[in-house]
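Below is one structure, written out as structure tokens; comments come after it.
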Amino acid sequence: MGGVFDRLAELLVDEVPVALATIVEGVGVDGPDGHLLVRRSTGDGVEVVGSLGDPDLNRVVARDALGELSAGRSGVRHYGEHGEARGESVSVFVESFAAPPRMLVFGAVDFTAALVRVAKVLGYRVTVCDAREIFATTQRFPLADEVVVDWPDRLLAEVGADLRRRDAVCVLTHDVKFDVPAIVGALATSVGYIGVMGSRRTHDDRLKRLREAGITDEQLARLRSPIGLDIGARTPEETAVSIVSEIIALRTGRSTRALSATDGPIHD
Amino acid sequence: MALARVVDVEGSGPRLPGAVMAVTADGEVAGSVSGGCVEGAVVSEALDVLATGDRRMVTFGYSDDEAFAVGLTCGGTIHLFIERLDW
């Protein structure tokens, strides 16, 4: 057991995606084995540590756990003693420790500092990017995982292919020469949330420029602009809360009304 | 220490599978597995698992009878797996 949990601790510290399978009911629950750690290593390799007590069960669970890990799912699965898919004699809890979601924040302003703090509370891996060296410093954003001095389109060309639905791009620059390339770059990715800060007037002007840059109405519909939920936020901190609330509501597809004004289940 | 993990949730539950609480023999507790509804009972179970080494599934469901103080008031059911970590 020690080997499995020591290795798990190492991988979690390094933020490496890993799945842990544990026998929770049935054959083997009282046995000496019962934990299997699985992850994709370099190339096509798979690292496996531990055992569920049967080589065939290990093989099948390892394969399924990798699938669950890529989907970011955790849950109980049932197998036969030797991993038979239709069996029910062993229940295995597969827990996915996926890499944290990413947030890219373009523009190194005070709103950015507040957003970085709130995003860290929610577990994001946060990158701040601004082309202006005097603003994009780690001193100003001590909680950011990285601060990049570069143009947004260049950063997005580098990391954009890795962005998924659970990730977020927030454009807080207010500056068309900076935010248009950031938005165009973000629209070219599969990122789930693209929020853009600005007044309604800035927003209208920006839409015009984006259309001139060849962006279609369908693409524009992906933008959350002006950014955030209408909660009356004024300070950078309040605005940060309004932004992350919008990100959560977009992901869950829930209304943004107060629970006291609605009925129905609170959790899905 | 003993590790109590939420492995399954039915209906409305406060925490998703993967929520975890660690309990030491001295009664030191880290983490949580619900909104505070069942933590007390989980600590007792965890201390028993620490003493005996017997891994187990424990289920907490809706409790509307005041005689049973332990339950989830939200109407859901959670299944926890509790084990002793020897490492």
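Pull up all non-local amide H partners of A:Val171: gap of 5 or more, or a different chain, and H-to-H distance under 5 Å with H placed in the peptide plane.
Under 5 Å from the amide H of A:Val171: A:Phe106, A:Gly195, A:Val196, A:Met197.
Summing Lys, Arg as +1 and Asp, Glu as -1, what charge do residues with Cβ under 13 Å from the Cβ of A:Leu163 carry, A:Leu163 excluded?
So the environment of A:Leu163 carries a net charge of +3.
What does the charge add up to near A:Ala131, with Lys and Arg as +1, Asp and Glu as -1, over the other residues with Cβ less than 13 Å from its Cβ?
-3
Which one, A:Arg234, A:Arg154, A:Arg86, has the greatest fluctuation when you compute a Gaussian network model over chain A with C-alpha springs under 10 angstrom?
A:Arg86
Which of the DSSP-defined H helices in chain A satisfy a minimum axial length of 20 Å, computed from C-alpha atoms, and a minimum mean Kyte-Doolittle hydropathy of -0.5?
Within chain A the helices that satisfy the rule are A:55-71, A:236-252.
Tally Lys and Arg at +1 and Asp and Glu at -1 over the other residues with C-beta under 12 Å from the C-beta of A:Asp150: what net charge comes out?
Net of charged neighbours comes to -3.
Using modelled amide H (1.01 Å from N, peptide plane; none on Pro or chain starts), what sits under 5 Å from the amide H of A:Val24, excluding residues fewer than 5 places away?
The answer is A:Ser91, A:Val92, A:Phe93.
Anyone know which of A:Leu11, A:Leu187, A:Leu20 comes out most mobile in the 10 Å Cα GNM of chain A?
Residue with maximal mean-square fluctuation among A:Leu11, A:Leu187, A:Leu20: A:Leu11.
Give me a comma-separated list of calculated 3J(HN,Hα) values for the stretch A:167-172, in order, Karplus coefficients 6.51, -1.76, 1.60 applied at θ = phi - 60°, integers in Hz, x for any Gly or Pro.
8, 9, 10, 10, 9, 10
Got the relative contact order for chain A handy, in percent, Cα pairs under 8 Å and 6 or more residues apart?
13 percent.
Just the number, please: Stokes-Einstein D of the stretch A:102-252 in µm²/s, Kirkwood Rh from C-alpha pairs, 25 °C, 0.890 mPa s.
Result for D is 163 µm²/s.
Select from A:Thr202, A:Thr216, A:Thr137 the residue whose mean-square fluctuation is largest in a Gaussian network model of chain A (Cα-Cα springs shorter than 10 Å).
Greatest mean-square fluctuation among the candidates belongs to A:Thr216.
Report, to one decimal in Å, the Kirkwood hydrodynamic radius for chain A based on all distinct Cα pairs.
20.9
So, R0 is 41 Å and r is the distance between the beta-carbons of A:Lys120 and A:Val46; what FRET efficiency does that work out to, to 0.05?
Result of the calculation: an efficiency of 0.85.
No lab work stands behind these numbers, since they all come straight from the coordinates. Everything numeric in this text was worked out from a predicted model, so none of it was measured. Reconstructed Cβ throughout: ideal geometry from the backbone, glycine too, with neighbour counts over all protein chains shown.
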